[in-house]
Amino acid sequence: MYQTLLASLEDHILTITINRPDKLNALNKDVFTDLNKVLDEIESNPDIRSVIITGAGPKAFVAGADVSEFNALNKEQAMALAKRGQDTFARIENSSKPIVAAVNGFALGGGCELAMSCHFRVASENAKFGQPEVNLGLIPGYGGTQRLVQLVGKGKAMELLMSAHMIDANEAKQLGLVNYVTTAETLLDHTKKILEIINSKALSAVAGCIKAANAVFDETSNGYALEIQVFGNCFDTDDMKEGVAAFLEKRKANFKGI
Ligand code: COA
């Protein structure tokens with residue numbers, strides 16, 4: 001079904017593995033085609049409640065856009081490449097289902113940008129983050145200049161972008177770029193445990209959290225107004241009625257996802 005991804009669904013969690021380990025999972029055209037296909041599947045398959053993105057092999061999450069595709073591009077083609085990358089990562093960011101990056105090694109360039117487009121990140125001790133594009137006479141093109149500033153603040157982002165300096169998992173955690181640092185062996189289990197908790201909540205409320213929190217960074221929408229709207233919409237769901245009733249009756253809520 002996919003040329004460059006492995007996908008496995010267990011306990012309503014879809015684990016997507018970018019699978020080009022001999023190229024450190026670099027993002028080429030085929031990976032973007034497959035990512036868009038799997039995003040269609042995530043949107044349409046009700047069995048999928050949340051998603052993990054990780055990389056194949058012990059060394060890399062994703063070591064960047066596939067640099068071998070850059071040589072042949074003129075300016076217009078380069079802009080189209082960046083647009084496709086940005087559109088794909090915007091689909092991840094705006095997914096109504098939680099998508100979490102399990103960063104298992106190098107997350108450089110487009111790999112760091114992919115991780116940053118996910119709703120949050122968990123990293124193994126050997127993870128390394130960076131935007132090394134300036135080494136190639138480039139800047140990030142898949143949203144990195146924007147999301148790095150959002151996640152770590154302007155001063156640190158400026159330094160990382162301009163210096164191509166790589167940071168390890170612990171520094172990434174100190175900066176707020178990742179939520180947890182685990183061993184390589186426990187990375188996926190740790191990430192799944194977080195998603196199992198999220199999966200036990202009301203589906204529409206989780207989707208509402210994503211939508212409202214994303215609005216902070218969307219200049220075209222008023223986040224407070226959107227929050228009022230989404231809060232109101234929750235009152236139209238069976239899950240909200242069940243959640244409130246369960247609390248008042250001192251029992252565990254049995255959410256149905258409607
Ligand atoms: N695009 C295309 N191929 C890549 C790649 C990328 N972004 N990153 C790694 N690869 C390929 C290498 O060319 C090599 O392929 P080969 O065996 O056919 O020569 C293979 O993956 C293994 O990488 P290698 O460089 O030998 O591993 P390493 O352990 O010595 O170094 C890195 C690891 C991550 C430090 C190094 O691969 C690197 O700097 N990659 C590019 C990072 C980058 O600039 N990303 C941003 C791109 S805009």
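Label 7 Å along Cα→Cβ of LYS37; segment 1-17 residues with amide nitrogen under 14 Å? Once the point is set 7 Å along Cα→Cβ of LYS37, 1-8, 17 turn out to lie under 14 Å by backbone N, inside segment 1-17. Computed from the Cβ-Cβ distance with R0 of 22 Å, the FRET efficiency linking LYS201 to ILE228 stands at 0.60. Expressed as a fraction of 2.2 N^0.38 Å, the C-alpha radius of gyration for the chain is 1.03.
Based on C-alpha pairs under 8 angstrom that are at least 6 apart in sequence, segment 1-110 has a relative contact order of 32 percent.
Ligands, DNA and RNA left out, the accessible area of the chain computed with a 1.4 Å probe is 56% carbon and sulfur.
Solvent exposure of segment 202-248, expressed per residue, is 68 Å² of accessible area, with all protein chains present and a 1.4 angstrom probe. Under a model in which nothing but the beta-carbon of Lys, Arg (+1) and Asp, Glu (-1) is charged, the chain shows a dipole of about 320 debye around its Cα centre. The convex hull around the C-alpha trace of segment 34-147, projected and averaged over every direction, spans 7.4 square nanometres. May I ask which of LYS29/LYS154; LYS211/LYS250; LYS37/LYS83 have a Cα-Cα span longer than 20 Å here? Result: LYS29/LYS154; LYS211/LYS250 exceed 20 Å.
Computed on the chain, with alpha-carbon pairs under 8 angstrom and 6+ residues apart, the relative contact order is 15 percent. Peptides 51-63, 232-244 ranked from most to least packed by the mean count of surrounding Cβ atoms within 10 Å: 51-63, 232-244. Partners of LYS252 within straight-line reach, counting lysines whose Cα lies under 25 Å from its Cα and excluding those fewer than 8 residues away in the same chain: LYS97, LYS192, LYS193, LYS201, LYS241.
Percent antiparallel among DSSP beta bridges with both residues in the chain, to the nearest 5?
Within the chain, antiparallel bridges account for around 25 percent of the total.
Round to the nearest 0.05 the FRET efficiency obtained for LYS29 and VAL67 when R0 = 22 Å and r is the Cβ-Cβ distance. After rounding, the FRET efficiency stands at 0.95.
Taken as Cα centroids, segment 124-156 and segment 178-252 sit 27 Å apart, rounded to the nearest whole angstrom.
Accessible area per residue for segment 5-198, computed on protein heavy atoms with a 1.4 Å probe, is 45 Å². Classify segment 159-246 from the C-alpha gyration tensor, please: rounded if a/c falls under 1.5, else prolate or oblate depending on whether a/b exceeds b/c. Oblate, because a/c is 1.5 or more while a/b does not exceed b/c.
The values are calculated or read from the model by the stated rules, or taken from the named source; none is laboratory data. The shown structure was predicted, so the numbers you read here are calculated from the model rather than taken from an experiment. Note that each Cβ is placed from the backbone with ideal geometry, even for glycine, and that neighbours are counted across all protein chains shown. To get the accessible areas, we keep the full protein, side chains included, count just its heavy atoms, and leave off ligands, DNA and RNA. Shrake-Rupley method; radii C 1.70, N 1.55, O 1.52, S 1.80 Å.
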